Amino acid sequence: MLAVSPALSLPLHGVAATRLLEQQAAAQLPPHTLMQSAGLATARLALALGPHAQCLWIACGPGNNGGDGLEAAMHLHQWGKTVVVTWLGAHNETRVPADALASLVRARAAGVPFAQVPPAGFDFAIDALLGIGAAPRPAAATDQTDLLGQWLALLRSSPQPVLAIDIPSGLDADTGASLAPESIASRALPTRAGARFTLSLLTLKPGLFTASGRDLAGQVWWDDLGVTPASALAPDAWLMGRDRAASHSRAQATHASHKGSFGDVAILGGQSSPKAATHMSGAALLAGRAALHAGAGRVFVALLGSAGLTVDPQQPELMFRSPEALDLKAQVLVCGCGGGDAVAAELPRVLSSAQAAVLDADALNAIAADTQLQTLLRARQGRAYRTVLTPHPLEAARLLGSSAAAVQADRLLAARQLAEQFGCVVVLKGSGTVIAAPDQVSAINPTGNARLATAGTGDVLAGMVGARLAGGQTAFDAACSAVFQHGQLADDWPACHPGQTLTASALAENHQADL
């Protein structure tokens with residue numbers, strides 16, 4: 001059993017691959033072996049997570065996930081713990097799968113207590129209601145669907161610790177979308193909610209780590225139950241770890257290095273329009289500062305409109321140029337941060353000439369609205385230019401001609417579609433940022449938190465990606481390493497900066513050019 005952490009990259013497999021592995025194992029093992037192994041693993045983890053729990057509520061559905069819960073209940077009961085099982089299969093035991101029925105017989109024979117309602121004083125819960133591939137449906141209400149909804153709502157809102165078996169009930173294992181009834185799915189976890197844990201069985205599922213997955217799953221553990229695939233299973237995605245986030249450290253450089261050894265980054269954006277009373281220079285400055293602190297040898301800033309800035313007093317190392325003076329063939333261009341409407345006129349030259357580019361914010365919006373710019377963007381792949389797009393869900397939706405809700409419903413698919421459509425690396429920002437590239441297995445980033453939900457942190461990320469491109473990394477490696485460390489900085493913030501609020505400027509200036 002492994003506690004999943006950002007230290008190690010791990011393969012992710014969706015429902016189809018997991019079902020295949022399950023079928024292969026079941027064909028080779030004695031009947032009921034997998035369920036018994038799953039229940040034992042769950043019981044052991046529950047005991048480790050809640051060693052002093054006085055009353056454990058085990059909410060079991062009518063399927064095999066419920067069977068895993070029944071096995072866990074039997075072990076915990078035999079080990080002297082007070083357990084209470086609520087089971088949704090009692091209304092029609094003839095429809096219960098054979099493995100789950102066998103576990104029911106074992107639990108009853110062991111004297112496990114069953115009840116119609118959850119115990120009032122439970123201080124630890126196990127969620128065994130729904131497994132992978134199953135979701136509560138808002139169909140015509142029955143006593144059973146009412147109970148399912150009630151128990152799921154109680155599990156979501158409980159201030160007590162909850163351990164989910166395989167997947168939190170109502171979470172799509174492939175996408176991380178919440179499939180619970182709207183009244184439950186739209187309800188954020190309350191701030192008073194207790195700790196959340198998930199024991200993923202056989203494989204790790206992508207949905208645990210993106211969209212709603214990170215909030216609902218909490219700390220994820222993985223147990224392969226000793227099953228080795230009969231043949232190699234290609235991962236549907238990778239959970240990125242520090243070992244796969246390529247290092248970008250000046251400490252590894254030779255003594256004879258000079259500023260040219262670390263490449264040039266140019267920031268094009270930051271439109272100011274006094275007439276419209278809009279001034280976005282700060283976005284470009286944030287990207288520039290981040291690129292500098294991320295290790296770029298030199299950073300140039302070209303502001304659009306009538307900004308009039310010639311120096312950044314807080315970061316005098318930044319060198320200001322006119323957009324026309326930028327050397328797009330020699331510099332990595334970070335384009336769009338605070339670019340406003342003015343960036344659209346610069347994009348034909350940028351897309352045609354910049355050999356390495358990070359396209360963010362207003363650059364993406366301009367491309368989404370112009371088919372000619374889309375054609376120029378697609379042509380970059382044929383020239384072997386390095387290109388990284390860094391959209392948030394709404395920007396991704398505009399590029400896809402879709403909606404933010406559709407993007408969030410399947411973030412992996414949306415990122416892959418963008419990567420294939422435009423022939424470049426895509427960083428789909430959000431909880432569980434997805435990094436996708438044409439003909440490559442996508443990565444999901446495990447780092448980051450809500451501290452990044454503040455203005456300017458996306459500009460900082462764009463600058464960090466630019467610095468890594470300038471250092472010679474491939475577009476995919478540059479995106480992965482920058483995204484990973486961007487999130488890691490937010491995760492480490494309370495320990496490194498106690499009492500200090502994370503802002504984009506502080507994030508840019510505290511960045512270290514290594515992992």
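Values for this structure:
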item: Evaluation of ASP341 against (1) modelled with pLDDT of 95 or more; (2) out of contact with any strand residue (DSSP E or B) (no Cβ under 6 Å at 6 or more places or on another chain); (3) assigned to a helix (DSSP H, G or I) (one fails), failing number; result: (1)
item: Conditions (1) free of Cβ contacts under 8 Å to residues at least 24 places away in the same chain; (2) within 26 Å of LEU328 (Cα to Cα); (3) of a type in the set (A, V, I, L, M): number failed by ILE435; result: (1)
item: Residue check for ARG19: part of a helix (DSSP H, G or I), basic (Lys, Arg) and under 26 Å from THR175 (Cα atoms); result: yes
item: Test: residue in segment 492-514 that is within 16 Å of the chain's Cα centre (by Cα) and of a type in the set (A, V, I, L, M, F, W, C); result: no
item: Residue among ALA384, ALA406 that alone is over 27 Å from the mean Cα position of the chain (by Cα), without any contact (Cβ under 8 Å) to a residue 24 or more places away in the chain and farther than 21 Å from ALA290 by Cβ; result: ALA384
item: Which listed residue is under 22 Å from PRO113 (Cβ atoms) and open to solvent by 40 Å² or more (accessible area, probe 1.4 Å), from GLY66, GLY61, GLY80; result: GLY80
item: Subset of segment 293-329 that is open to solvent by less than 20 Å² (accessible area, probe 1.4 Å) and of a type in the set (Val, Ile, Thr) - its residue that is nearest to ALA356 (Cα to Cα); result: VAL299
item: Scan of segment 31-53 for residues that are at pLDDT 95 or above and exposed (fewer than 15 other Cβ atoms within 10 Å of the Cβ), ordered by number; result: ALA48, PRO51, HIS52
item: Condition check for THR387: touching a helix residue (DSSP H, G or I) at 6+ places or on another chain (Cβ under 6 Å) and of a type in the set (S, T, N, Q); result: yes
item: Any hit, segment 388-396, residues being crowded, with 24+ Cβ neighbours inside 10 Å, in a loop (DSSP other than H, G, I, E, B) and in contact with a strand residue (DSSP E or B) (Cβ under 6 Å, 6 or more places away or on another chain); result: yes
item: Total residues in segment 10-30, condition surrounded by 17 or more Cβ atoms within 10 Å (Cβ to Cβ) and either over 15 Å from ASP224 (Cβ atoms) or hydrophobic (A, V, I, L, M, F, W, C) (or both); result: 7
item: Every residue from segment 423-442 that is of a type in the set (A, V, I, L, M, F, W, C) and crowded, with 21+ Cβ neighbours inside 10 Å; result: CYS424, VAL425, VAL426, VAL427, LEU428, VAL434, ILE435, ALA436, ALA437
item: Residues that are outside any helix (DSSP H, G or I) and surrounded by fewer than 18 Cβ atoms within 10 Å (Cβ to Cβ), drawn from segment 398-422; result: GLY401, SER402, SER403
item: Subset of segment 100-120 (residues that are open to solvent by less than 60 Å² (accessible area, probe 1.4 Å) and either modelled with pLDDT under 95 or outside any helix (DSSP H, G or I) (or both)); result: ALA110, GLY111, VAL112, PRO113, ALA115, PRO118, PRO119
item: Any hit, segment 443-458, residues being closer than 24 Å to SER281 by Cβ, without any contact (Cβ under 8 Å) to a residue 60 or more places away in the chain and open to solvent by less than 30 Å² (accessible area, probe 1.4 Å); result: yes
item: Complete set of residues in segment 477-509 that are in contact (Cβ under 8 Å) with a residue 40 or more places away in the chain, crowded, with 22+ Cβ neighbours inside 10 Å and under 16 Å from ARG244 (Cα atoms); result: ALA478, ALA479, CYS480, SER481, ALA482, VAL483, PHE484, GLN485, GLY487
item: Top-ranked residue in segment 368-387 [being in a helix (DSSP H, G or I) and among the aliphatic types (A, V, I, L, M); ranked as nearest to PHE422 (Cα to Cα)]; result: LEU377
item: Odd one out for ILE126 among (1) on the phi > 0 side of the Ramachandran plot; (2) modelled with pLDDT of 95 or more; result: (1)
item: Residue in segment 83-98 that is farther than 30 Å from PRO229 by Cα, open to solvent by less than 20 Å² (accessible area, probe 1.4 Å), assigned to a strand (DSSP E or B) and not hydroxyl-bearing (Ser, Thr, Tyr) present; result: yes
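The values are calculated or read from the model by the stated rules, or taken from the named source; none is laboratory data. Every value quoted in this text rests on a predicted model; they were computed, and no experiment measured them. As a convention, Cβ positions derive from the backbone with ideal geometry for all residues, glycine included, and neighbour counts pool all protein chains shown. Surface accessibility is based on the protein's heavy atoms, side chains included, excluding ligands, DNA and RNA. Shrake-Rupley method; radii C 1.70, N 1.55, O 1.52, S 1.80 Å.
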